[in-house]
Structure formats: structure tokens, C-alpha cells
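K.L.:
Pasting in a structure now, in C-alpha cells, and then I'll have a few things to ask.
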Amino acid sequence: MVGPEPRESQFHMVEMDTVLEQRPTRAVVAGLVTPAPIARAGGSAIELRGLTKRYGEETVVDTIAASIAPGEFFSLLGPSGSGKTTTLMMVAGFVHPDGGTVLVDGRDIAAVPPQKRGFGMVFQNYAIFPHLNVFENIAFPLRARHWAKDMIEARVSWALELVQLTRFADRDARQLSGGQQQRVALARAIVFHPPLVLMDEPLGALDKNLRFEMQVEIKEIQQRLGMTVLYVTHDQEEAMSMSDRIAIMNRGRIYQVGPPGEVYERPANPFVARFLGEANLIEGTVMAKGGEVARLQLPSGQELRALHTNSCVAGRGMLFIRPERVEIVPGTAASGDPGVNALAGNVRRCSFLGNILRYAVDLEGAAPITVDLQNAAGVGPLPTGAPVVLRWPVSNSLILPAEA
Amino acid sequence: MAITVATPGAVFEATSSAPRDRTFLLMLPSLAMLIFLFLVPLALFFVRTFTEFDGSTAEFVEQARDLLLSQAYLTALGTTNWISLIVTVTVLLISYPIAYYLTTAAGIGVHVVVLSIVLPYFTSIIVRTFSWMVLLGEHGLVNDLLLAAGLINAPLSLTYNRLGVLIGMSYVLLPYMVLTLYAAMRSIDPSLLRASAGLGASGFYTFRRVYFPLSLPGVLSGALIVYILSIGFFITPALMGGQHDIMIAMLIDRALEVAVDWPSAALMSATLLLVTLALYAVYYRITDIRRLIGAR
């Protein structure tokens, strides 16, 4: 095994070289090659119905249900051990479910072996065939389907161009950098225009900058081809930047499904709130639920107001507010505005994170609150211990059920 | 691959004074043994051939040519290579599924197979050869069973002929092939097979296009090892073969024991050694030996 360090060090140089030299080649090739065989492939509708997998006593995937629309980019997001990869492997056919089914365009594929399912797959470690060159790696699914020689050539050229590897067709697969191997894996997965592409943490081994570049590229290709993608990742930023919808998984269950904005802004429970980024969760007692807004009483006796979800009932609860939605004002004056929550506290610490200043503010009788401030011109850090008032609009906060 | 995390001090040391590697000292005892117990006697053996020969160089060359072009030698050379080839192919065909089973299976079955391959390895080759003679003889176990089952009417001649040599040698050489193939197959990334299936390849196509090509280095290494060992085989063909199964090693033995003709024996040994070294050179080129014994 090659450790990540040496790979990383070669990376930037190779990638820069690719970027600089690849673009003109791509344009030239685009002019020379006859029109791409099929520009749009279209995707399938996928339905997971009560998928369940047990290993011994442990239920790794617990009655998962989800409907994925044709052409949708759908992510399974969760920590390691949440069952997301097992779910993907059941869709791929490598893991046999103990319960439930997978429907593709309404057809149950339980009895179909992996090689007959016709999905494209990108594996975490790329799984590039080391004895084949780039062209043959990408041609592999076509040769396995016994395509005619000229058809294979046309389609592989198309795929090479799509992932900007035309120049590397004859290259030994083992000589490629991590990013290039990733592109080969991607091209190989889509070259036969599968109705569904399964990706298992495909960017996990890449460094941060390259990751972002590949996210954009994969998303662009997916939209251009209109393919359905089922994407597994543990990186919430990656899931949010690429997905049409995200299913947040934990302990073998889907905790919430929705578009990135929705799951970020309106998490269904504290786990989702924390997993998708920094979250303040202020514990208290849920008082009256009047209309859209509910009241939460803190142990100190102060009351906060926030939107509430249907699942939240009177009793213990948590007020959820993102750090970037909180305003920090020096002084002690409370607000009289009913549409704004206000809490007094003292600055505990201010961390400089480059684009933001992250404050930790001590409150009376509650856990400290995190506040993110844009590092804009004229914003200086407040001194430790300074009295401040935290303010945020009621409509930006949400009352969640307390954790079980 | 080792990535050493060096402390600043260690880095300084490494750059300021050239690191002196003394680990080679550990090899001295075995190196001495190799030189004094193998290389020196071998050299002396060949040197004596020349010094004890009374005659001119031209005469020596002529006699050498006569020997190496003699009917007996050429026949033995042909027989040796032919038997080695058949043994290699046979062993490969038997070993490939066994090695594959070992890489994929788990549990008690693996231990049973490994034991039954490795245990005989620790037994003397003569004992094993005699065991086969007992099994394959005219009134041996195999013939008795076949007769009792009514599958044959008269005992088959399974030994003291070419078939006996092939059975005996294949059995003795099987572990070398199985273990070599096993090492090669173990290094095949199973996710490649999954990728192949996931991309639409049938089981047979996956084997043909992915698994077999990736196991090929092991196949070549194993075949070369078995072939190299085969061409020097003596005991098994001597005990289990018939009169038409004379291999070169037996010819050398005869020259020494019966004819007491050291120059001929040395000459034939030298040619055998040359062929072996040539094959080993090929083997060395295609195989990373350190990887075969499990180093990474």
C-alpha cells in the first residue's frame, strides 16, 4: 500500500500540469471527434423498500425506505458504521438483504445478480485494474458486454474526453495520480450509460482542493447526462454541495431526508443538527405551542421562542440555532422585539478561523453558545469576559425533541 | 512502504554524517556457510575435472563434445525436459484451484488443506516416494480398490514407468506451486473482482480478464520453480521410473557411482547448472522474491 503522504506530495504538480495542458487538448478533440454517441443517457427511478441487513445480533441496516427520482443526485450521509455503505452494497447486489427490496423503475431486482444489474460503480479505492491501461480500464464494461470494436472506441473516446483524460489513454493505470485514477474510475462507471451510478466515498482519498474540484466535475457530468446517482459519503459539505437530496443515516436508520438547505436549516433531531455542521442546542422545557411558534424555558427561567416541528411535544426539548445566525452585540441591553430572542452572556473565547471569528459565549445556567462572525472589515475581536447580548430572529431557530 | 517520522535530531544526524548500515554483518555466517560448503566444493569439483584430465585442451573439448552429443545424453536431456514440462503443467492445473480455495475460504477447511499440503513437506522425499510405490504397485492400494470396485479386470501398471515418475514428481512438487500461487493470489485486491462484476462482467469474464492475468506472475514463478526443481530430480525417477525414464541427474549418478568417470559427471553437472541458472535468471526477472515470501 502506498501511504497518503507520498501521493499527496506528487499531486499538485501533476494536477496543475493536467489543468494547464488538458484544456486545449480537450477543445481540439471536441472539434475532431464525431458527435458523442449519446449525449444524454437518462436515469432510472430507484425505490428502497424496508431494506434490512443483520450481521448476527446486530442490525446494520434497519428497514430503510427511500424513493429516488430519475436523474436525481441522492446522497446517503452518515458517520462510519451508520449502514450507508451496506445500503449501497445491497442496491449493487453484493450484499443480500435480510428484508425489503430494491425497485428499479418499479421492477424488483432482488433476484438479479450484480453483473446483470447494469449499474455503474465507483469504489472508494477506485479499484482500477492494474494490468490494464487507461483505455482498457474504461473499455472494460463495454468489452464485458461484447460491444463492437468501433463502438467501443467511439464511446471510450467520449468518456475520456468527458473526464479530460484523452491524453492519458495509453498510460499505465498504475502511473496515474490519485485524482486521475478517480477520473478513470468515474469514466469507467459511466461509459456504458448506466441508468444508475453508485458511488462509495469516491473522493475519500483525495486532498481537500482536489476533492472540491472533483465534486464540481462529478456534479456537472451527472447533470449533463441526467443520470441517477446514489452517493455515499461521511463528509457533510460534500453531500450538501453535490446532492439534490440527502438522507442522513445513523445506526442503520435514515434520520431525515431532504434537500441540503432543508436538512441544514430544519433538522429533524439533534443528531442531524450536529452532523451537518456547527449547531447550538440549548436545553430547556417546551412550554406552550401556539401556532408556528413555541416557547422554551431555560433552567435560568428565561424564555426563548422558536419555530417547532410536529414531532416536538411539551416536555424536555432543545432550541437549535446555527452559529452564523446569531448576532453578538457588546453591552447588556436586552431587546424588546418579540420577533427576536436575546440572551446575555460573557465572551469566553474568540478563535480566529480566517474567514470567520468563532466566539464561545458563557451563559448563565446553560452550556456555552457558539457564534460565528464574518471576518469583515472593522470587526475586531471582543475581549474575553466582555458582557455581550446574543440576538437571533425567532424564525431562524427551531425547537427539537430532546435526545433520547 | 515505510514512512519514517523522524525527530529533528534524527534528521540532523542523517544529513550530517553518512548513515553507516551494518545490518549486512548479520548475513556473514550464512554467507560463509554458502561459500565454504557450497560454492568452493562446487568450484573444486569442476576444477578437478580439468586437472585430472590427462590430455591436451583440444582432446578435452573433443571428448566433451562427444559426451554432450552422445545418444544417451541427448535422450536423457529430452526425457528430462519432457518430464519436467508435463510435471509443471500437471502441478499447475492441480494447484491453481487449491491455491484459489485457500485464498477465498475460511475456517477449518483451510487448515485441513494447508496441513495436508505442508505436512508431507516435512517428511523425507524417499519416504514419500516409497509410500507412492506401495500405493501404486501391482498389488498396491489403488489397484486393489479399482479391482474390488470392478472398474478394472487386471492391475494397471502405475509405477516403474513414465506414469509413475509423473505421479511421484507431481506430488513432491505440488507444495511449491500451491504456496507460490497462494502468495500471488493473496495479493490480488478482492475489490477488483467486485468492480468487475459491478461493471457487468460475468464470472468467467472476470476470471479471464482480471483474475487470471493478475495471478499470472504467480503462475510463471511457480512454473519456473517446479521446472527448475524437476530437471534436477533424482530419487523419484530412479525409484519409480522404468528403463526409459533416465533423467540427467541419474546419468550423472551413474557416471560417478558406476563408471567412476568424474570428468563426464562434472561436465553434465555443469550443463545442468547452466540451464538452472538461466531459468533462475528468468525467474528473477519476473518475480519480486521478497514479495513472494510475504514482505511488502
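K.L.:
Of all residues in the range B:75-103, which are among the polar types (S, T, N, Q) and over 13 Å from B:L181 (Cβ atoms)? Can you show your working first?
P.N.:
Looking only at the range B:75-103, we keep the residues that are among the polar types (S, T, N, Q), and these are B:75, B:79-81, B:84, B:88, B:90, B:95, B:103.
Correct list: B:T75, B:T79, B:T80, B:N81, B:S84, B:T90.
K.L.:
On to the next question. May I ask you to list the residues in the range A:346-357 that are in a strand (DSSP E or B) and open to solvent by 60 Å² or more (accessible area, probe 1.4 Å)?
P.N.:
Our first condition is that a residue be in a strand (DSSP E or B); within the range A:346-357, this holds for A:346-352, A:356-357.
Passing the criteria: A:N346, A:R348, A:R349, A:F352.
K.L.:
Hey, could you check the range A:119-170 for residues that are over 17 Å from B:R194 (Cα atoms), open to solvent by less than 20 Å² (accessible area, probe 1.4 Å) and outside any helix (DSSP H, G or I) and say which is nearest to the other protein chains (Cβ to nearest Cβ)?
P.N.:
This residue is A:V163.
K.L.:
Within the range A:74-100, track down each residue that is within 14 Å of chain B (Cβ to nearest Cβ) and assigned to a strand (DSSP E or B).
P.N.:
none
K.L.:
If a residue counts only when it is under 24 Å from the mean Cα position of the chain (by Cα), which helices (runs of 4 or more DSSP H) contained entirely in the range B:45-147 have at least 1 such residues? I'd like the intermediate steps shown before the answer.
P.N.:
Numbers: elements: B:57-68, B:71-104, B:108-118, B:125-136.
Once the helices (runs of 4 or more DSSP H) in the range B:45-147 are filtered for at least 1 residues that are under 24 Å from the mean Cα position of the chain (by Cα), what remains is B:71-104, B:108-118, B:125-136.
K.L.:
Among the residues of the range B:112-132, write down those that are within 13 Å of B:V178 (Cα to Cα), in contact (Cβ under 8 Å) with a residue 24 or more places away in the chain and open to solvent by 60 Å² or more (accessible area, probe 1.4 Å).
P.N.:
Going through the range B:112-132, the residues within 13 Å of B:V178 (Cα to Cα) turn out to be B:113-118, B:121.
Next, only the ones that are in contact (Cβ under 8 Å) with a residue 24 or more places away in the chain stay: B:117-118, B:121.
Answer for the range B:112-132, where residues must be within 13 Å of B:V178 (Cα to Cα), in contact (Cβ under 8 Å) with a residue 24 or more places away in the chain and open to solvent by 60 Å² or more (accessible area, probe 1.4 Å): just B:Y121.
This table checks each residue for (1) at pLDDT 75 or above; (2) within 14 Å of chain A (Cβ to nearest Cβ).
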| residue | (1), (2) |
| --- | --- |
| B:I3 | no, yes |
| B:V11 | no, no |
| B:R20 | no, no |
| B:T23 | yes, no |
| B:A32 | yes, no |
| B:L37 | yes, no |
| B:F46 | yes, no |
| B:T49 | yes, no |
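K.L.:
Same structure again: Among the listed residues A:Y255, A:Y264, which satisfies the condition of being at pLDDT 90 or above and in contact with a strand residue (DSSP E or B) (Cβ under 7 Å, 6 or more places away or on another chain)? Give the steps one after another, and end with the answer.
P.N.:
Numbers: A:Y264 fails: in contact with a strand residue (DSSP E or B) (Cβ under 7 Å, 6 or more places away or on another chain).
So the residue among A:Y255, A:Y264 that is at pLDDT 90 or above and in contact with a strand residue (DSSP E or B) (Cβ under 7 Å, 6 or more places away or on another chain) is A:Y255.
K.L.:
Among the residues of the range A:101-118, how many are open to solvent by 30 Å² or more (accessible area, probe 1.4 Å), assigned to a loop (DSSP other than H, G, I, E, B), touching a residue at least 24 places away in the same chain (Cβ under 8 Å) and within 12 Å of another protein chain (Cβ to nearest Cβ)?
P.N.:
Count: 0.
K.L.:
Give the range A:369-388 a look and list any residue that's modelled with pLDDT under 90 and closer than 16 Å to A:I282 by Cα, or say none.
P.N.:
Within the range A:369-388, no residue meets the criteria.
K.L.:
Also, I was wondering about something else. Please go through the range A:174-189 and pick out each residue that is crowded, with 21+ Cβ neighbours inside 10 Å and closer than 18 Å to B:S196 by Cβ.
P.N.:
Within the range A:174-189, A:Q181, A:V184, A:A185, A:L186, A:A187, A:R188, A:A189 meet the criteria.
K.L.:
Among A:P381, A:P401, which is the only one that is open to solvent by 30 Å² or more (accessible area, probe 1.4 Å) and either in contact with a helix residue (DSSP H, G or I) (Cβ under 9 Å, 6 or more places away or on another chain) or closer than 20 Å to A:V272 by Cα (or both)?
P.N.:
Details: A:P381 fails: either in contact with a helix residue (DSSP H, G or I) (Cβ under 9 Å, 6 or more places away or on another chain) or closer than 20 Å to A:V272 by Cα (or both).
Testing whether each residue is open to solvent by 30 Å² or more (accessible area, probe 1.4 Å) and either in contact with a helix residue (DSSP H, G or I) (Cβ under 9 Å, 6 or more places away or on another chain) or closer than 20 Å to A:V272 by Cα (or both) leaves just A:P401.
K.L.:
Show me the strands (runs of 3 or more DSSP E) found entirely inside the range A:201-261 where at least 3 residues are closer than 17 Å to A:A185 by Cβ. Break it down into steps so the answer makes sense when it comes.
P.N.:
Numbers: elements: A:228-233, A:245-250, A:253-258.
Qualifying strands (runs of 3 or more DSSP E): A:228-233.
K.L.:
Tally the residues that are closer than 11 Å to B:G168 by Cα, of a type outside the set (A, V, I, L, M) and touching a helix residue (DSSP H, G or I) at 6+ places or on another chain (Cβ under 8 Å), restricting the search to the range B:122-155.
P.N.:
The total comes to 4.
K.L.:
Okay, next question. How about the range B:135-154: which of its residues are more than 18 Å from B:Y171 (Cβ to Cβ) and among the polar types (S, T, N, Q)?
P.N.:
B:N153
K.L.:
Looking at (1) open to solvent by 40 Å² or more (accessible area, probe 1.4 Å); (2) more than 22 Å from B:D253 (Cβ to Cβ); (3) of a type in the set (A, V, I, L, M); (4) touching a residue at least 12 places away in the same chain (Cβ under 8 Å), find the lone condition where B:I108 falls short.
P.N.:
Condition (4) is where B:I108 drops out.
K.L.:
Only one of these is at pLDDT 90 or above, open to solvent by 60 Å² or more (accessible area, probe 1.4 Å) and touching a Leu at 6+ places or on another chain (Cβ under 7 Å): B:I94, B:I86. Name it.
P.N.:
Values: B:I86 fails: open to solvent by 60 Å² or more (accessible area, probe 1.4 Å).
Of the residues listed, the single one that is at pLDDT 90 or above, open to solvent by 60 Å² or more (accessible area, probe 1.4 Å) and touching a Leu at 6+ places or on another chain (Cβ under 7 Å) is B:I94.
K.L.:
Let me ask you something else. For the range B:282-292, state whether one or more residues are farther than 30 Å from A:F94 by Cα, at pLDDT 85 or above, more than 14 Å from every other protein chain (Cβ to nearest Cβ) and open to solvent by less than 50 Å² (accessible area, probe 1.4 Å). Write out each step before concluding.
P.N.:
Within the range B:282-292, the first condition is being farther than 30 Å from A:F94 by Cα, and the residues that meet it are B:282-292.
Pick out the ones that are also at pLDDT 85 or above and you get none.
Looking for residues that are farther than 30 Å from A:F94 by Cα, at pLDDT 85 or above, more than 14 Å from every other protein chain (Cβ to nearest Cβ) and open to solvent by less than 50 Å² (accessible area, probe 1.4 Å), one finds none in the range B:282-292, hence no.
K.L.:
Among the residues of the range A:225-257, how many are free of Cβ contacts under 8 Å to residues at least 40 places away in the same chain and at positive phi?
P.N.:
0
K.L.:
A further question follows. Within the set of pairs 6 or more residues apart or between chains, which connect a residue that is in contact (Cβ under 8 Å) with a residue 40 or more places away in the chain inside the range A:322-333 to a residue that is assigned to a loop (DSSP other than H, G, I, E, B) with Cβ atoms less than 6 Å apart?
P.N.:
Partner pairs satisfying both residue conditions: A:P323/A:E278.
The values are calculated or read from the model by the stated rules, or taken from the named source; none is laboratory data. Keep in mind that this is a model prediction, so the values were computed, not measured. Methodologically, a virtual Cβ is constructed for each residue, glycine included, from the backbone with ideal geometry; neighbour enumeration extends over all protein chains shown. Remember, those area values only see protein heavy atoms, side chains included, never the ligands or the DNA or RNA. Shrake-Rupley method; radii C 1.70, N 1.55, O 1.52, S 1.80 Å.
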